[in-house]
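Structure, as structure tokens:
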Amino acid sequence: MSDLEVQAELASRPGHAAPTRRFGAAETVAGILALFLVVSAVAPQFLAPGDPLAIDPLSAFQPPNGAHAFGTDESGRDLYTRVVHGTQYSLVIGVAATAIGLGLGVVLGTLAGMLGRVVDFTVNRFLEVLFAFPGLLLALLFIVIFGPGVATATIAVGLSTAPGYARIIRAQLITVRSAAFVEAATALGRSRWQILWRHILPNTLAPLFVLATLGIGQAIVWAATLSYLGLGAEPPTAEWGAMLSAGRTYITSAWWMSFFPGLFIVLTAVTATVLGRSIDRRMRHI
Amino acid sequence: MLGRIAARLAGAVFVLWAVASVTFCAVRLVPGDPAQAVLGGPGSQASPEALAVVRAEYGFDQPVLVQYFAQLGRLATGDLGQSYALNTAVGPLVLSQLGGTLLLAVLALALAWVFALALATWSTRGGKIASSVGSGLEIVAAALPHFWLATSLIVVFSIWLGVLPPISTDGVAGLVLPVLTLAVPLAGFLGQIMRESLLVALESPFVLSARARGESERGVRWIHALRHASLPAISLSGWAFGSLISGAVVVETIFARPGLGRTLLNAVTLRDVPVVIGVVMIVAVTYILMTLLTDIASRLVDPRLRLI
């Protein structure tokens, strides 16, 4: 199993599937947070007009106060501004990594699910081998080959999530393939590719959307972890993991330097989980 | 059952061979001359003579296929090669680090199970509010990144309260924060899955029949329902173990604790390829063994599986 499969499994458990049409409290909060995060990513100036890299050595290491809601860092940069502007980096990295993982997963999963037993067997063994590098290990292996940096870290996270996507998509394809409407299309003499494109893929897209939502939260956490370990984005970039990494030096005196960037990572991950599950539940009960 | 285990072992050998091959190809992909890497990277300006000596010593001058089979042969006899940076044998180095990480992972897994069980039993009994609080706690716990949880725990318990050491020492006190850091997010995942299956189990006919036999509520919950509810969590434990090892990279680095994770991160930073491969191989072996163990554990708990 991969992290993603666990997430997907949790999202589809029956206990979550209370068929309500109303938005629950958790969903409302998650929706507001998602809106806040998207605005921070698209128009950070709107929420935090300052410059995230502007230094002000005279007001370094200020704890949270009226002028600096999240405090300031070692060069007097305003942490609230940096955290808001950092959303852009983290979301872009998360979305890009998810796109890579999902893209590879769709290709591998479709090959395995559609091209018969030999391909299925080969792809499955290949995935099994990739699963022997749990969690971040595959990403670390990739980074040791291609060197650290934002681009390699993003690709590394994407690659290490790909096997999970592939296996879920394969399972989904196999379920859809045996549905009555596919049988009907076959009986009507449609070609294999026509059936794949017009009937099977559209019916696997909806679950993919849920997966991607759940996956983005995971990808952001992993990318931030790599930055924290010094293998992704580097300080003074206003990326959340890099900010935490910079705050580590001053942990004894300035807790706020580590606390707030991390809080935003947690909020993003929780938002992704709650929204992913909410979408999943709604789709199942249409 | 024995046949199944044999099949799984054969599968494990295949996966190991493939892991070895993948890592061998990966090393070929590392840009630059490996002999240069042994002598301290491109900045070291090693003389051509020194490079030639290293090439001959490590076998870099042989054809690729010869190197491949030589490496497979060495791996089969347990020889993981020489570290570029430390100039020691990788096998003993990695093995000496394995114990610390395993201890961390096993303790964290056990603690996560305790948390998850407590949370699941409490939140399924306490009515609607307990159930919402429980599921909220689980979702947040599951989303906590290890590095943030670790720094937050250090701030609270080491700096503010001063009760636990921020750096992992030899004693039990030094283990508390690292284990807690690994256990809490995992408990979030295990708790969610356990609560859901506990709810399903409490509705099922075998619980009704146990109640009809006059069994106490405690007996029903702890003996019948929990046994059923722990099945999906047991099958998750293989995955959990993998994610614990991956989490150990972060936790061991933050708490300055010796172990596989920290060795791996140092090797990645120094691009010490043989050590990276050594750690990855050891992790793959332990991971495969762990999935085998969870498979056996599921069979012990679930009599239905023993029929297949």
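Note on the range B:254-284: residues that are facing another protein chain (nearest Cβ under 10 Å), buried (at least 22 other Cβ atoms within 10 Å of the Cβ) and either assigned to a helix (DSSP H, G or I) or hydroxyl-bearing (Ser, Thr, Tyr) (or both) amount to 14.
Within the group B:Val273, B:Val279, B:Val283, which residue is at pLDDT below 80 and under 23 Å from B:Ala18 (Cβ atoms)? Of B:Val273, B:Val279, B:Val283, the one residue that is at pLDDT below 80 and under 23 Å from B:Ala18 (Cβ atoms) is B:Val273. The set of residues in the range A:129-154 that are farther than 21 Å from B:Gly278 by Cβ and surrounded by fewer than 23 Cβ atoms within 10 Å (Cβ to Cβ) comprises A:Gly149, A:Val150, A:Ala151, A:Thr152. For the range A:217-269, the set of residues classified as β-branched (Val, Ile, Thr), surrounded by fewer than 22 Cβ atoms within 10 Å (Cβ to Cβ) and modelled with pLDDT of 90 or more consists of A:Val266 only.
Among the residues making up the range A:172-199, those that are among the hydrophobic types (A, V, I, L, M, F, W, C) and without any contact (Cβ under 8 Å) to a residue 40 or more places away in the chain are A:Val176, A:Ala179, A:Ala180, A:Phe181, A:Val182, A:Ala184, A:Ala185, A:Ala187, A:Leu188, A:Trp193, A:Ile195, A:Trp197. Taking the range A:35-67 as the search range and keeping residues that are surrounded by 18 or more Cβ atoms within 10 Å (Cβ to Cβ) and within 30 Å of B:Gly136 (Cβ to Cβ), which one is farthest from the chain's Cα centre (by Cα)? Restricting to residues being surrounded by 18 or more Cβ atoms within 10 Å (Cβ to Cβ) and within 30 Å of B:Gly136 (Cβ to Cβ), the top hit is A:Ala48. No other residue among A:Gly116, A:Gly109 is among the small types (Gly, Ala, Ser), more than 22 Å from the chain's Cα centre (by Cα) and more than 8 Å from chain B (Cβ to nearest Cβ) apart from A:Gly116. Filtering the range B:124-163 to residues that are farther than 29 Å from B:Ala248 by Cβ, away from chain A (no Cβ under 11 Å) and part of a helix (DSSP H, G or I) leaves B:Arg125, B:Gly127, B:Lys128, B:Ile129, B:Ala130, B:Val133.
Annotation note: of B:Val172, B:Val184, B:Val207, the sole residue that is out of contact with any Pro (no Cβ under 9 Å at 6 or more places or on another chain), β-branched (Val, Ile, Thr) and in contact (Cβ under 8 Å) with a residue 40 or more places away in the chain is B:Val184.
The rows are residues; the columns are (1) at negative phi; (2) outside any helix (DSSP H, G or I).
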| position | (1), (2) |
| --- | --- |
| B:Val54 | yes, no |
| B:Gln62 | yes, yes |
| B:Val66 | yes, no |
| B:Gln71 | yes, no |
| B:Gly78 | no, yes |
| B:Leu86 | yes, yes |
| B:Leu95 | yes, no |
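Restricting the range B:146-168 to residues that are surrounded by 21 or more Cβ atoms within 10 Å (Cβ to Cβ) and of a type in the set (Val, Ile, Thr), the residue that is nearest to A:Leu136 (Cα to Cα) is B:Thr151.
Just one of (1) within 14 Å of chain A (Cβ to nearest Cβ); (2) in contact (Cβ under 8 Å) with a residue 60 or more places away in the chain fails for B:Val13. It is (2). Looking across the range A:260-286 at every residue that is closer than 13 Å to A:Gly71 by Cβ and in contact (Cβ under 8 Å) with a residue 12 or more places away in the chain, the one that is farthest from the other protein chains (Cβ to nearest Cβ) is identified as A:Phe260.
Here B:Ser298 meets the list (1) surrounded by fewer than 22 Cβ atoms within 10 Å (Cβ to Cβ); (2) without any contact (Cβ under 8 Å) to a residue 40 or more places away in the chain; (3) of a type in the set (Gly, Ala, Ser) almost entirely, failing just condition (2). Within the range A:232-253, track down each residue that is over 23 Å from the mean Cα position of the chain (by Cα) and within 10 Å of chain B (Cβ to nearest Cβ). A:Gly247, A:Arg248, A:Ile251, A:Thr252, A:Ser253 - these are the residues of the range A:232-253 that are over 23 Å from the mean Cα position of the chain (by Cα) and within 10 Å of chain B (Cβ to nearest Cβ).
Here B:Gly191 qualifies as in a helix (DSSP H, G or I), modelled with pLDDT under 90 and small (Gly, Ala, Ser). Annotation note: of A:Thr20, A:Thr28, the sole residue that is at pLDDT 75 or above and more than 10 Å from chain B (Cβ to nearest Cβ) is A:Thr28.
The combined condition, being buried (at least 18 other Cβ atoms within 10 Å of the Cβ) and either within 11 Å of another protein chain (Cβ to nearest Cβ) or at pLDDT 85 or above (or both), is not fulfilled by B:Leu208.
The values are calculated or read from the model by the stated rules, or taken from the named source; none is laboratory data. Computed from a predicted structure; not experimentally measured. Note: ideal-geometry Cβ built from the backbone for every residue, glycine included; neighbour counts use all protein chains shown.
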